[in-house]
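Below you'll find the structure, written out as structure tokens, and then a few comments.
Quick note: the coordinates plus some simple rules give every number you see, no bench work behind them. Quick caveat, the model's predicted, so the values are computed rather than measured. Note: ideal-geometry Cβ built from the backbone for every residue, glycine included; neighbour counts use all protein chains shown.
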Amino acid sequence: MVTFELNGQIKSFHIDQGEFLIDTLRRHHVVSPRRGCDTTSCGVCTVLIDDQPMPSCALLTARVNDKKVTTVEGIADFAAELSAYFGKEGADQCGFCNPGIALSVYAMAQTEENIDDDTIRHYLVGHLCRCSGYVSQTKAIKAFLEGRK
Amino acid sequence: MKTKMATVNQPHASKDGKGIMMGRKAYTDDLAPADALILKVLRSPHAFAKIKSIDTKNALKIPGVECVLTHKDFKRNAHTRAGQGYPEPSPHDKFPIDEYVRYIGDEVAVVAAIDEKTAIKAIAAITVDYDVFTPVTDFEKAKNNQTLVHPEDGIYEMFPIGFDPKKNLAAGYHMEVADVEKTLKESDVVVEESFYTQAQAHVMLEPHTVNAQIDYNDRLVIHSATQTPFHVRRIISQVLEVPLSKIRVIKPRVGGGFGGKQAIHGEILAAKITLLTGKATKMVYTRKEVFEATYTRHPMRLDLKIGATKDGKITAIDCYGLSDTGAYGEHALTVFMVTGSKVLPLYNKVDAVRFHGDVVYTNRTPAGAYRGYGAIQGNFALESIIDMLAAKLNMDPIKLRQKNMIAEGETSPIFEIMGEGTEGTAMYMETCKLDYCLTRGLKLSQWYHTYPRKVHGDKVRAQGMAIAMQGSGIPYIDMGAATIKLNDDGFYNLMVGATDIGQGSDTILAQIAAEGLKTDLENVAVYSSDSDLTPFDAGAYASSTTYVSGNAVYKAAKEMEKMLLKEAARVLKVDIDAIDFDGETFKSKDDEITLKDLSNQLYYNDEQKQLTATASYVGHKSPPPFMAGIIAIEVDKATGEFEVLDYTSVVDCGVPINPNLAKGQVEGGIVQGLGMAAYELADRTKNGKLIQADLLNYKIPTTMEIKTLTTEFAASYEESGPYGAKSVGEIGIDTPPAALANAIYNAVGVRITSLPITPEKILSAIKEKENMQ
Ligand code: FES
Ligand code: FES
């Protein structure tokens, strides 16, 4: 039995030995972390562990006991607001990478001051996107952060 | 007709972006029943072998294993998984599971179990005894090789495509206009070169995923991350011999396709086991499986000869191509033909042109549809050799292009000769703003400011460019249809067979409907691609959605407007011509009724009826979008390393229905093309094993490689397109390989003729050149 704070609520889960967090979450209908690779290379499965972006595909659920786990479902307003900027920039395509990106942007906004293009690119480097070409995403994120000031 | 449009040509946000960003259930895996059996496939470790015996007893003994199927459990129905219209221009050379395995990753057996762990355990418990053969791994030695990739009986072509498995040929093609050899001989200057392109992987972020179940009415319901739901339904019916009427295919949100999901992959296995057990099934490919056991781009060798007069008139182009289709011939002929048909007409003023070659079988992962579909391979070769010709003529490569390239009002005999698998369709370029694209691109990129190079010590800045064309659907073959339904309160449903795979087609088709009905985009709720509920559409491929499906939506909207006016005229007791409709209110001289009231009356009060308009469209031509692409790079002469500084694209896609989403298509294509040009290695061992079979080793561009993109659209209006539009899904990918090769040449004077263009290749070419001097 593992207990952790999931999107603001304390939850307990029965898990299999060696179970990864992505599978625990998906089994309990938190579907925003999705699997895009087998090598922790794509960022599609990103969650925040104590506000730090981590790949949930490589994180044993047992290891998040007592920690704070945030998925995009837990930052719904933030994600909705960010999506409006993605829409304005034409940065929306298949969206498979988007929830993971929203979480990294959230972590970046919490951690960094004076965010410039390089900071954004640095936070996004672990988030592969095959659709957008990245530039529109970076622009949207920048405009979003400007808008929040 | 050009009028100011309210919804079309506006940068609306895609209709579904918010829910996706918020992580809501949308994709195929999200929608699988919780109790679905998990399917795993045992895949061949050998590039070529025959299964002597296969023992599944131990696997079946494992608690939680529902069934294990091998080739013995499937009827030997030869088919093609290509996902094309019918009859397909691809050979029927694939069996659901076969006794032969023809590449590392080919299916040997499929297991269904209660969970993934059990399925994996069962896979490991299957023992197979193989007769292992020497594989054909070198595509240049495949033709007439003594090893036959397809020695079996029962495979066939649907119509003549040059299929000759006894020579390892999946397809072949030959066309010639005038006498190429003679014209070349008479030309002042001839340049000759061979170009190689690699087996690029699609790397859509959502792996191939399918789930299947039987509904309470005994119908087989399949959710699939597919680009072609209607073709999926047809192929499953054919292979498993289930009546079409028993199958429903639903395409949920798809996480990217790029051609990789045009074909059918896990669907047959999931359908078979659900039919057999009555239980729901689910299959999600691992990334390794996506790399090894789906599709790649067709690797090719293109031998080009080009002739010109001294003053730079191109006289002849001769292209022999050798294309590697891998183990199965999906898209073998059609990709190959596009290498000629969507590239050679760029230089339409030649006296003679020839395009011919072979598509060979080898024992490697099959090649299939991939954004750019042959055009990117051909573009790399042709647009490279144009710069080589310019160098030989001592002429500015821009001037050489301007003198010879296709222009508005012109045509090329190739359009009529070459289609996709069949003859083509003659057409004149009613819109071709290529000259503007080129001039504007040069200006935006400040071309002559750097051309040919700027040197700072070891660092050299340079630019390189290429022009390209694509198509807008497959004329006379692929049909799209749309239904618009009026609801009470005056809002509409738009039902389309067209397949949104992330490119935003639901949004742009709704924009076309909203424009036609003069209503707000929010007033149109879209449903796409459910084989039971939406009208037919061939699917998302061949740059067809905006032009073909868009025209169907346009027609349906006009039809709906007519119906509305008729009803309004009845209520207002005037002639249709006496009514003015602004999208919200029908006005006659003395009276008016709102759409809301009219629709409520039609539902509940007076002469009740459902208004529904359905229209379909099949293209009579395929108006090409055009573009100019210019790359700016900085190369380090000492290491061969280079950085991409900017990529300028100026595109003529007619009127972009949604400039933002069109830009997304172009920029996404550019970056995927840059991946092929510079980063994406797809090497195989001698035994045919893919070395870069995961995302650690197969490097696609990240935010670190891509810093700036400059994208613009030319003012253009294609009369035959919906609101002046042409398609734009593929054109972006075509130019980067040639543009980069040309930029490297401009920077350091070496010509790289094989992709990807790596620092190692550049450095060794520099060394070689220095040694020769
Ligand atoms: S699934 Fe790719 S990083 Fe976790
Ligand atoms: S939008 Fe498709 S992967 Fe990023």
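Would you be so kind as to identify all helices of chain A, as entire DSSP H runs, whose Cα atoms reach 18 Å or more along the helix's own axis and whose mean Kyte-Doolittle hydropathy is at least -1.0?
Taking the DSSP H segments of chain A (at least 18 Å long, mean hydropathy at least -1.0), we get A:76-89, A:98-111, A:135-148.
Are there trypsin sites (Lys or Arg not before Pro) in region B:583-672 that DSSP marks as loop and that have at most 14 other Cβ atoms within 10 Å, and which are they?
The qualifying sites are B:Lys589, B:Lys609.
Any idea what the relative contact order of chain B is, in percent, if you count C-alpha pairs under 8 Å spaced at least 6 apart?
The value is 15 percent.
Sorted from largest down, what three extents in whole angstroms do the Cα atoms of region B:477-598 have along their principal axes?
Over region B:477-598, Cα extents along the principal axes are 50, 26, 23 Å.
Kirkwood hydrodynamic radius (Cα pairs, Å) of the protein assembly as shown?
For the protein assembly as shown, inverting the mean 1/r across all distinct Cα pairs yields 28.6 Å.
Treat region B:111-156 as a sphere of radius equal to its Kirkwood radius over Cα pairs and apply Stokes-Einstein at 20 °C in a medium of 1.002 mPa s; give the translational diffusion coefficient in µm²/s, rounded to a whole number.
150 µm²/s
Quick one: give the max-minus-min coordinate of the C-alpha atoms of region B:630-679 along each principal axis, largest first, in Å.
The Cα atoms of region B:630-679 stretch 46, 16, 13 Å along the principal axes, largest first.
Would you mind giving the three semi-axes, in whole Å and largest first, of the ellipsoid equivalent to region B:240-377 according to its Cα gyration tensor?
Over the Cα atoms of region B:240-377, the semi-axes work out to 41, 15, 13 Å.
So if a site counts as exposed when it's one of the chymotrypsin sites (Phe, Trp or Tyr not before Pro), its DSSP state isn't H, G, I, E or B, and it has at most 13 other Cβ atoms within 10 Å, what's the longest stretch of chain B without one?
It works out to B:429-773.
Report, in cubic angstrom per residue, the convex hull volume of the C-alpha atoms of chain A.
Per-residue hull volume (Cα only) is 102 Å³.
Can you give the calculated 222 nm mean residue ellipticity of chain B, where each DSSP H run of n ≥ 4 adds -39,500 (n - 2.57) and the sum is split over every residue, rounded to the nearest 500 deg cm²/dmol?
-8000 deg cm²/dmol
So between B:Ser754 and B:Ile120, what do we pick up on full extension, going 0.36 nm a residue minus the alpha carbon distance?
Residue separation times 0.36 nm, minus the Cα-Cα distance, leaves 224.3 nm.
From Cα pairs below 8 angstrom and at least 6 apart in sequence, can you work out the relative contact order of region A:2-72, rounded to a whole percent?
Relative contact order, region A:2-72: 41 percent.
Which ³J(HN,Hα) values, rounded to whole Hz and listed in residue order, are derived for region B:100-109 from phi using the Karplus coefficients 6.51, -1.76 and 1.60 in 6.51 cos²θ - 1.76 cosθ + 1.60 with θ = phi - 60°, glycine and proline given as x?
8, 10, 10, 6, 6, x, 4, 6, 10, 7
Residue by residue, what Karplus-based ³J(HN,Hα) values in Hz, rounded to whole numbers, does region B:708-714 have, using 6.51, -1.76 and 1.60 with θ = phi - 60° and x for Gly and Pro?
Once θ is set to phi - 60°, the couplings for region B:708-714 become 9, 9, 10, 10, 9, 10, 7 Hz.
Summarise the long-distance tail of P(r) for region B:181-272 by giving the % of C-alpha pairs beyond 21 Å.
When every Cα pair of region B:181-272 is considered, 47 percent fall beyond 21 Å.
I'm a student and want to see the number: the projected area of the Cα convex hull of region B:376-473, averaged over all directions, in nm².
8.1 nm²
Considering the alpha-carbon set of region A:2-72 alone, what are its Rg and its Dmax in angstrom?
Spelled out, the Cα radius of gyration and Dmax of region A:2-72 are 10.8, 30 Å.
If every alpha-carbon in region A:74-148 counts as one equal scatterer, what log10 I(q)/I(0) does Debye give at q = 0.13, 0.14, 0.15 1/Å?
-0.31, -0.36, -0.42
Please list, or write none, the lysines whose alpha carbon is within less than 20 Å of the alpha carbon of B:Lys117, excluding same-chain residues fewer than 8 places away.
B:Lys40, B:Lys57, B:Lys61, B:Lys279, B:Lys282, B:Lys288
Just checking the output field for B:28-40: average partner chain Cβ neighbours within 10 Å of each residue's Cβ?
Other-chain Cβ atoms within 10 Å of each residue's Cβ, averaged: 1.
Stokes-Einstein at 10 °C, 1.306 mPa s, Kirkwood radius from Cα pairs: D for chain B in µm² s⁻¹?
My calculation gives 58 µm²/s for D.
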